[in-house]
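Heads up: the structure comes next, in structure tokens.
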Amino acid sequence: MNMAAPLLALEVLPGASVLPPALSDWQHALGLICYGEATADASEVPCASVAMPVLGGSGSVCEIWRSASRPTGGRHGSLSYREDGAMLFGCLTCDDGTMADSGSSLREAAREAYAGIFAAADALGFPHLVRCWNYFSGINLEVDGLERYRQFNIGRQEGFRAGGRALDANLPAACALGTHGGPLVVAFLAAREAPIQVENPRQISAYDYPPEYGPRSPTFARASLLACADGEFLFLSGTASIVGHRTLHVGDAGAQTTETLANLHAVIAAANRASRVGGYALGDLALKVYLRNAGDLAAVRAPIESAPDAPAEVVFLQADICRRDLLVEIEATAHSRPPSTAASP
Ligand code: 3EB
């Protein structure tokens with residue numbers, strides 16, 4: 001392996017329903033998140049399969065977290081994991097009943113998922129959650145008098161409490177999106193060392209949202225920064241057209257996208273102030289864009305592609321967003337190296 005290979009790397013492969021030759025070598029893979037029809041033929045690597053259509057290109061996308069070393073893994077309870085000594089990737093699938101089922105089953109599934117994640121993270125020696133991906137069906141459905149996203153937030157908080165974690169500090173970056181079917185899927189990256197939590201000055205921290213958004217607040221940070229031996233990783237949480245705590249531009253997907261980009265710029269600026277490496281720019285990020293309506297693709301794509309620092313790597317997925325009035329949500333990841341190591345071949 002090349003000496004300059006990053007210690008942790010994100011690779012996004014379109015149309016990975018058949019394994020491309022370059023990837024037949026799974027020995028460096030920490031974990032996979034497959035969207036759409038993508039399936040990975042890699043039983044030894046933890047793989048989260050998300051039933052979510054990929055828009056504007058191939059029917060599937062596989063996100064691969066790679067390590068420079070050779071990770072090893074196994075199972076811990078219902079969770080599959082792999083770790084390379086510095087980072088742990090894990091994922092699990094939790095049957096939460098069907099969409100028509102009671103909301104309490106999703107709440108219980110979320111609690112069990114997070115209690116199990118913290119138990120595994122502690123047992124394996126990677127106690128610090130850095131990034132979480134949450135996917136489940138019927139996110140905006142109201143059951144037992146409460147929207148399923150809000151049921152999820154109650155269960156997630158209970159899981160954090162069960163794991164002895166704070167609800168307003170040391171939080172991971174995260175996203176929570178709705179599929180049109182399938183179980184609760186949670187994937188995560190955790191580390192031996194604590195990441196730096198970053199908030200957005202344009203937004204109230206999600207863990208401080210007022211009760212009108214549900215009885216329990218969402219438990220995530222706007223971004224996290226994780227130092228690694230060859231630089232740093234920036235994880236930007238799912239970001240939407242929210243200023244303060246309110247949704248802006250209801251009904252206008254293009255304007256919501258422009259507002260979301262302003263939020264991303266604000267979080268990136270905050271991350272650059274908090275980072276020891278810094279220098280992050282939107283153009284360096286790998287973006288994942290979730291759209292509620294496939295028909296909004298052109299309206300959402302335009303402001304992203306015409307941004308002065310337009311990102312090169314953008315994947316579009318169709319998903320329900322956690323507030324009914326939100327039409328788009330964008331998440332992003334970047335790796336930054338200090339200038340001295342960036343120059344090495
Ligand atoms: C928001 O800012 C939009 O519940 O884990 C973004 C990222 C959102 C993560 C989560 C929710 C979550 O509130 C929604």
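The values are calculated or read from the model by the stated rules, or taken from the named source; none is laboratory data. Source: prediction; values computed, not measured. When we count neighbours, we look across all protein chains shown, and the Cβ atoms used for this are built from the backbone with ideal geometry, even at glycine. Heads up: the accessible areas ignore ligands, DNA and RNA and are worked out on the full protein's heavy atoms, side chains in. Shrake-Rupley method; radii C 1.70, N 1.55, O 1.52, S 1.80 Å.
Some values worked out for this structure:
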{"quantity": "Any chance residue 195 is open to solvent by less than 40 Å² (accessible area, probe 1.4 Å) and within 25 Å of residue 113 (Cα to Cα)", "calculated": "yes"}
{"quantity": "Given (1) among the acidic types (Asp, Glu); (2) in contact with a Cys (Cβ under 9 Å, 6 or more places away or on another chain); (3) more than 16 Å from residue 222 (Cβ to Cβ), number of the condition residue 331 does not satisfy", "calculated": "(3)"}
{"quantity": "Index of the failed condition, residue 271 passing every other in (1) open to solvent by 10 Å² or more (accessible area, probe 1.4 Å); (2) modelled with pLDDT of 95 or more", "calculated": "(1)"}
{"quantity": "Some residue of the range 219-236 being closer than 20 Å to residue 169 by Cα, small (Gly, Ala, Ser) and over 21 Å from the mean Cα position of the chain (by Cα)", "calculated": "no"}
{"quantity": "Candidates 160, 220, 152, 136 - the one that is out of contact with any Ser or Thr (no Cβ under 7 Å at 6 or more places or on another chain), within 16 Å of the ligand (Cβ to nearest atom) and among the aromatic types (Phe, Trp, Tyr)", "calculated": "152"}
{"quantity": "Within the range 64-91, tally of residues that are surrounded by 15 or more Cβ atoms within 10 Å (Cβ to Cβ) and either β-branched (Val, Ile, Thr) or outside any loop (DSSP other than H, G, I, E, B) (or both)", "calculated": "16"}
{"quantity": "Condition broken by residue 154, with the remaining ones in (1) assigned to a loop (DSSP other than H, G, I, E, B); (2) open to solvent by less than 40 Å² (accessible area, probe 1.4 Å) satisfied", "calculated": "(1)"}
{"quantity": "Exclusive hit being buried (at least 21 other Cβ atoms within 10 Å of the Cβ), away from the ligand (no atom under 14 Å from the Cβ) and farther than 13 Å from residue 110 by Cα, set 174, 190", "calculated": "190"}
